[in-house]
Structure formats: structure tokens, C-alpha cells
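One structure below.
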Amino acid sequence: MNARRSFVLSTSTAILMGLLLSPPCLRAENADHGSRSREQSTHEQRARELIERLDLSRLQARKCMSIAEQAALLYIEGYEQEARLLPEILEAYDKFAQEDRLNQGFSPDVEQRTARLHRREIVLRERITEQLIALEEQAGKVLKSSQRESLNNFSQKQRPVRERTRRTDARSRARAARRQREEARTKPLREAREQLRTLHKQIHPRIGPIGQYLLHPFGAERLRDVARARMPAILTEAADVLKHGTSDHPVGQVEQQKAEIKQLRAEISNWNLINGLHLNENQIEQITALYDEAAAPTWEIARRESRSGLPYRTLAALERDVEQVLNTGQHQVLAEYKPCLLPPKNLKDPVRAGQAGDSSRYEKWLDRARKLSSQELKKQIDRALEKEAKHLGQLSRTERRERVALLRKTIRQASTMSDTEFELSKAELAELIAAPDRTLEMRGKVDTLARKYGQPGIITNFMLNTQFMDQLRTRGQQLAGGIATKQTDLATGPQADNCDEVCAIDGKCKKKSKKE
Amino acid sequence: MIPPRLDRREFLGTLGQYAGAACLGCGLGMFAESAFGESHRFTREVDFYTQLPGKKIQCFVCPLHCVLEDGETCFCRTRTNVGGQLFTRAYNNPCVLRVDPIEKLPLNHFRPGTKTLTLGTGGCNVRCLYCQNWQQSQKMPDEIKTFKLSPREAITAARKKKVDTIAFGYTEPVAFLEYAKDIAILAKKARLKVVVATAAFVEPEPLFELSEYVDAFVVTLKGFNEEFYHRVLGIELAPVLTAIKTIKEQTNAWLELTNLIVPTYNDDPDEIRDMVTWVHDHLGDDVPMHFARFVPTYRLANLPRTPVQTLETARAIGYEAGLRYVYTSNIAPHEGTNTVCAACGTTVIERLGFKVLSNGLKRGVCPKCHKKLPGLWC
């Protein structure tokens, strides 16, 4: 269960950040995956920029090249292992999406297979990333402190900027002034977004510019030029694998599978939200009509405005309209929603009427912890905090101290209770120690500020895009079409025990003999 | 003090004496423990049974009327014939003990937004193939983890947890009727409300006796055909309908009905129509009816969840039949969980699952049309 939660959390946060930090129009653009050659030229260009900025000496370049050789092995290994995994993932996600579309739960085998493959994918990515980060650190030591500092604002997302002639006419000056005023006005929002970004980086460490460009096989040529050395065979081989693929897994096929998986992931994530929102036919009709009405101009405006850095006014207006269609419960679901492959418990399997066994994760943890010796307890708390840090972000030293004190106090309180008393109090105690989801809190803050400054928020990020709307229309048709049910033949299915044969649970029917 | 020196013979002799004494002590302890355990387990005699020749007995709590030899236990797994007397194993022995929202029972017209201390014990006289609490209900109280809680302690616990309602549910209260009744009696004295969530497969007399102390019943009407009741639940429908009518006609308790719709088993619209028509004709249009979503479990784990459209159709059928308050359960957020004034159509209580998000009722009166909604609101 915990493993499954971790999958959901990690993927969801990754997708969430992607969605939050890029407007839908850009996402649509990104969805159209680029060719390898484009990727190669971008990498080479970025590597060139980086090397120029670093002003590497020949010796440094040589040292970096030897590290790049190790990185090349990782890149090859990553490509091959991922390529082997992709067909399986594609098949599993496809089946999962088909079941998700019906909104009638998942077959255990389909759900388990998807979870298993998703986990393997994450483990592979995390392992390769971890090792590349270690190599990156090694390469960082080769650089001087001034060179390392110069990397600070070398954004990975930054695209090559074309030099423009600075316009100095009155109109452009007015525009610049307006932009400055707007930027000053929305400063708190930008700060909140930055905090969210930082938190996300903490939870999901990424390879920095050194690992991504300097040590990447596509950047090796530029590095070789500076080092004035022969190109190591492994670097050429790695560049070749990344450019053309292997004989078993040509790059075109791998790219296509990746794109299909990406598409399926987005579809599944949308279904999870649609299934969780339980929109009725009328709501679906209203939302799609609002979208259709605003769609054409919206995307144009959004695209233009995103370039100019001004708020997406039309999108924000559309969002306000859609907001009116949703009810309070649906707003709450949206506020807590994280894009995910495997839907979390509250969306997939909410607590049911009359259901007894619905103890939360913290209740179970407390029940275990209250029976432990003080030494075991210390280990248990450390493990719990480690897990929390992985999913919810690192705590500062003071925060950690406070959290440990709270956990200890609560466990002490729980261990002095009788079993009966604990059973009655465990829900309250669990609520007390539940770690707040800082990503969600921060996202809520960003959304509130976005609303304040008339900018699009959560609804735009999750719902206002063509794919989501198409899926919503499909759900609308499903609801309108009703469902045909063929009744099970009760005589052939499993039969409940009844008193016809046995009266007492451990004996035979005495009523019959009595009647006889 | 220096211990006296013993020779080898004396040492072995003393050791033997100590060992003998230890064995005897141990044996006596085990005997005492088992004797105490038995007597502790059977502290409360069942109220409704008759003795038959040869230390046999016949139970009359539920319509099964089990006939038991000495040492045998009823179909419900909780009542055992001990030497010609019928005792309950469930007394003081709950396995579920929770403070929950009252909406989880589910009750929507009874003190909304309040909490209840809910108790349940092992055992059940129904054998639902889709029981969601089968780990408790399909076991004897002695086979599962339980908590020692006397009726008096249950009242103290409710007071301590600051809840003013005690509910019996999760497993079938008919299986622990004696325990439930004794708690209910004390609860009334302590001015606490009492709620029973049951499948109502019970004889009228025990039900009537319990209902004296009960403020609300939630009855699960699991389907509306005898074959379904017989093959999927292992019981009969007719006694359940009699019990529901008894509650409505002969007691002052508030009544809500719930029906869990199992896909392809009891989701036939015609059958649902028959059921709601019966409810309307025999119980009236003010009895709230909940249609709950099925989630695969226990012996029907291979089925899909109930499609939301099915629940919405069932709700629409309920309204068509003339019922005024029809809900959907186990899906959230859904408009079917909200309470809408039947007179003016205003949403008066908004819910997200079992959580009350807003309650516009003032002492059960609609803020818009000022009509009183049926139910027990404070």
C-alpha cells in the first residue's frame, strides 16, 4: 500500500509541477515530441553555451571528459533498460486506461501490473538520476568556485534567445512600463510559485546543467575541442545509441512508445480526476459549452500573452465561469487533487457507509509504535521521517526536532492507554501527527494568489485543455447512454450458506428432524 | 547470610520438591484461567429461547429459530448452548469501536454533522456474499481481536469522547442484541441517543423490546426478491419486510432505509421500482432511502463497482415512485448526498461523503419555504 502511495505521490507531483509551471498552450506544444536530431542540436548548443560560460581550461575539460565517459555508460544503460520496459508499460497502461474510462474500478491483475511496472520505471529513473547527480558532483569539484557560481542562473529550461533589436519607441516603452508595474503587482504570486518550485526540487532531485549538458554524450564534441584530445570510443558509442538507438530498439520506435505512454498517462490522469469529480450530465454540458465558446480566441490570447508575460485574462475569465458550475465538494476534490497514474484512496475507494476497517496509515503506524521499546521506537521514528522527507520534502533542523517531539509525545500518550481506550482515541491521535502535505498547501497558496491577481489557477491547469474536454465529452455520452445490465443467474453463481442445511454453525439441522 | 551447605542428595531432593510445586502451581493456574475464561465469556443469558428435552434449546431471536445441542453455537456465531442454557459470547466483547460521523451509518435526517460512538461485535445471522466487514461478521467473537467493554464502560466512553449518540452497527446488532439492549437501557438513563443499523432479520418481539430504547433505525433492505435473499444472503425477505413495518408502525424511532446496489445482482430497474413502491405504500413518502455503491469485496470480488449511472437511475426511480428524500451513498462528491427540501427544492444540507459542508436547516425547518423536513434534527 505504501509503495503504491509512493508511486502516486512521486508521479503525481512530477506531473503536477509540469502542469503548474507551464501554461496549457505550451504543454500542447511540448506534447508534440521533437525528433532526436533536434534534441541533439539543442544539447550541443546548450553544451556550447555552458562551456563558453564556464571558460574551461584544457585540463578541466580533460577531467570532465573522463567523467563524461562514466556518464556515457549510464546513458547507454538507461536507454537500453528503458527501451526494454516500454512495450510492457505501454500494454499495461493501455489496459488500465480502458478500465479507468469505464469508472467501475480496476481488475486486481490490471491494477497490480500497472503499479509494478510504474514502480520499475521510477526505480530505474531514480537510480540513473542518482548516479548522474553523483558524477555531476564529481565534475563540480573540477570547477573553480567562480565557475560554479556562474552556473547558478543557467536555467535548464531557458531556450536559445535570439538577440532582438531594442525598440525604443513610445509604445514599447509604455508596454515595458506596464509590464514592470504588473510584475511589481504580482510579486507575491511569483515568489509563491518559486517556493513551490523549490519544494518540488527538494522532493524530486534533478540533474543539473553539468549532468544534462556538459556530461551528456551530445556535448562531448565541444568538450573534446576544448580538451584537444581524442574522442573516447564510449562517448561516440553513447552518442550513437542516443541518436539511432540499438538494433533491438531503434530510436524512432522508442520515441513513439514514449510519446504514446505520455499520452496515456495524461489520459489516465484526466480520467482519475473526472471519475473523482462525479460531474453530472448537466455540468458536463455546461463546462464543454463554456470551453467551446471561449476556446478559439483563448488559445491565441494565451499564447500571445504567455510570450509577453502578461496574465492570461481570457483563461482566467473562463476559469471563473467553470468555477460557478462546480459545487463545493468538487472544489474540494480539485484542491486536493494531484495528477496521478494510480488514483489515491480518496478518489478510488472512499470510505463507505458501514465500513469498519478504514484505519488510516497513521492509525496503523501508531498502533505498531505504541508497542515498541524505546530503541526500536527511535528507529521507527527515523524511518518514518525519512519516508516523509522523500514524499513531502526535507524538514529544517528545527522543524524536524519539533516533529520528533510531537511523535514521541503522542506515542507516549498512546502507549499509556489500554487497548480499548486507544481504539477510541486513535483517530484523534492520528490526526494530530499527520504530516501536512506542504506541496498541496503551497499550491493552494499559489492558486489563491492567482485568483487575486486575475490569473488562471488550478481549474485551468487541470481541466481547461482540449484532451480533458474530449474526455469529458466521452463521459457525457456514457452518462446519457445509460447502461445495459444483464442479470446474473443467481442459481449458478456462488451461494450463501443458509440455515436449510445447518442450523448451528458446528452441527446439523435439528429443526428438520424435529419437524419429522 | 551464608546459605547452609547441602549434600548432593539433599540438593536433588529440594530441587524435586520445588519442581513439583512449580508444576502443580502452573497446572492450577491454567485450570483457573480456563475456568475464568469460560465464565467470563458467557456472562449474559439470552432472553429469547426455549429449553427442549435432552439439554437442547431453540433460539427465538431471529427467524432462523436455531435448535442447538449442548455446546453448539447458533448460525449467528454468537449464542451458545451451555448445559441447556443459551448464553451470548458477544457480551462485553466488541471488535469494532469507533467515533464516526452519524452520516456513515448512513443517517441523513438524524442530527446531521454530529458524531456517534459505534460498536459492533463478531458474528452475524446473515451470510451476504458481498459483506464489507466479513473479517468481523463471519467470525465468532472469540476468533478475532476484541476489546473488553461493559455497557457501563460504553456509556463512560461516549461521555469521555463527548458524543451524545451510541450506535450499533458495522456488524449485525441482532447477533449481539443482549449487549446492545443493555447498553441502550443505560444510554437512555444517561440521556444519550441510540441508533441501530441492521439488516432487520429479527423476530418482532426482540426487535420491539429493543426499540423501546432506540431513537433511530437504519435498515438495509438488500434487495426485493426472495431468491436474491436466499442465494446471496442466506436468509428470507419476508421477515425483513415485517420487521421494517414493525419499526415504522409500532415504534417511535426514526427510520431510514439503505440499499446497496450490486451490479447484475440487484440492479434491475423493475426490481428497484417494486422496492421503492413498497416503501412508499407501506412506510410513507417521508422515509429517506439511500442507494449505495457496491465495491468488490469478499466472495463477489470479481464484480465491477456499481456504475454511477445505475445509482442515479435508482434515485430517479425513487423520486418517480413518490419518495421525497432519495440519496446516493459511497460516491462523493455527488449531488445525491445533499439534502434537498422536498417542498421548494432548496439544497438545505450540502455534504462531501460523510462530511457536512453546510447545514442551512434551523431546527429542521427549510430557510426558504419554512416547511419542516421530516427527521430528528437536534
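Relative to the compact globular guide of 2.2 N^0.38 Å, what is the alpha carbon radius of gyration of the stretch A:357-408, as a ratio? Could you put the intermediate results ahead of the total?
Values: Rg = 11.7 Å, N = 52, 2.2 N^0.38 = 9.9 Å.
The reported ratio for this selection is 1.18.
Kindly state, to the nearest 0.05, the FRET efficiency for A:S66 paired with A:Q112, given R0 = 56 Å and r defined as their beta-carbon distance.
Details: r = 44 Å, r/R0 = 0.78.
The pair A:S66/A:Q112 has a calculated efficiency of 0.80.
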| remark: iface B-A | buried accessible area, total | probe 1.4 Å | Å², round 100 | 5700 Å²
| Using a 1.4 Å probe on protein heavy atoms, which residues of the stretch B:315-363 have at least 30 Å² less accessible area in the complex than alone? | B:N330, B:A332, B:P333, B:E335, B:E350, B:L352, B:F354, B:L357
| request: Could you do me a favour and compute the accessible area per residue for the stretch B:183-286, 1.4 Å probe, result in Å²? | output: 35 Å²
| Rounded to 5, percent antiparallel among DSSP beta bridges of chain B | 50 percent
| task | Compare the Cα positions of A:L440, A:L189, A:Q138 along the charge dipole of the protein assembly as shown (+1 at Cβ of Lys, Arg; -1 at Cβ of Asp, Glu; about the Cα centre) and return the one farthest towards the positive end. | result | A:Q138
| note | Label model pair A:R190, B:A316: point-to-point distance (7 angstrom along the Cα→beta-carbon line) in nm is 5.3 nm
| remark: The answer for B:T116, listing residues at least 5 apart or on another chain whose modeled amide H is closer than 5 Å to its amide H, is B:D100, B:I102
| request: Let me know the volume per residue of the alpha-carbon convex hull for chain B, in Å³. | output: 195 Å³
| note | Checking the stretch B:323-378 for trypsin sites (Lys or Arg not before Pro) in a loop per DSSP with at most 16 other beta-carbon atoms within 10 Å yields B:R363, B:K368, B:K371
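Ranked highest first by the average count of other Cβ atoms within 10 Å around their residues, in what order do A:349-359, B:63-73 fall?
Top of the packing list down: B:63-73, A:349-359.
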| Using a 1.4 Å probe on protein heavy atoms, which residues of the stretch B:255-270 have at least 50 Å² less accessible area in the complex than alone? | B:T264, B:Y265
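Provide a whole-number value for the mean count of partner chain Cβ atoms within 10 Å of the Cβ atoms in peptide A:421-428. Walk me through the numbers on the way to the answer.
Numbers: counts 4, 2, 10, 10, 4, 3, 3, 2.
Shielding by partners across A:421-428 averages 5.
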| field | Residues of type lysines that A:K452 reaches as a straight line, Cα spacing below 18 Å, ignoring anything fewer than 8 places off in the same chain | value | A:K187
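Just round it to a whole percent: the fraction of Cα-Cα distances in the protein assembly as shown exceeding 46 Å. Mind dumping the intermediate values first?
On the way: 162695 of 399171 pairs.
Here the tail beyond 46 Å accounts for 41 percent of pairs.
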| field | Of all accessible heavy-atom area on the protein assembly as shown, the percent that carbon and sulfur account for (1.4 Å) | value | 51 percent
| Other chains' Cβ within 10 Å of A:356-365 residues: what's the mean? | 3
| query | Going by average Cβ neighbours within 10 Å, how do the peptides A:127-133, A:336-342 rank, with the highest at the top? | reply | A:336-342, A:127-133
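For the stretch A:81-117, which GluC sites (Glu not before Pro) pass both filters: DSSP loop (anything but H, G, I, E, B) and at most 14 other C-beta atoms within 10 Å? All intermediate terms of the calculation are to be shown ahead of the outcome.
Values: sites: A:E82, A:E88, A:E91, A:E99, A:E111; in loops: none.
Loop-located and lightly packed - none at all.
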| remark: So, with points 7 Å from each Cα along the Cβ direction, the A:R408-A:T42 label distance in nm works out to 5.0 nm
| task | Take the alpha carbon atoms of the stretch A:379-445, find their center, do the same for the stretch B:132-167, and report the distance between the two centers in whole angstrom. | result | 27 Å
| Roughly how crowded by other chains is peptide A:108-121, in terms of the mean Cβ count from those chains within 10 Å of each of its Cβ atoms? | 0
| note | XL table B:K189/B:K371; B:K160/B:K188; A:K364/B:K222; A:K345/A:K426; B:K188/B:K245; A:K262/A:K338; Cα-Cα > 26 Å flagged, in table order, is B:K189/B:K371; A:K364/B:K222
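List the trypsin sites (Lys or Arg not before Pro) in the stretch B:163-258 that DSSP assigns to loop (not H, G, I, E or B) and whose Cβ has at most 14 other Cβ atoms within 10 Å. Which are they? Walk me through the numbers before you get to the answer.
Values: sites: B:K181, B:K188, B:K189, B:R191, B:K193, B:K222, B:R231, B:K245, B:K248; in loops: B:R191, B:K222.
Those that pass, being in a loop and sparsely packed, are B:R191.
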| request: Any chance you could check the Cα centroid distance between the stretch B:77-96 and the stretch B:349-378 for me, in angstrom? | output: 41 Å
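The values are calculated or read from the model by the stated rules, or taken from the named source; none is laboratory data. Quick caveat: nothing in here was measured; it's all calculated off a predicted structure. Cβ atoms come from the backbone with ideal geometry, glycine included; neighbour counts cover every protein chain shown. Heads up: the accessible areas ignore ligands, DNA and RNA and are worked out on the full protein's heavy atoms, side chains in. Shrake-Rupley method; radii C 1.70, N 1.55, O 1.52, S 1.80 Å.
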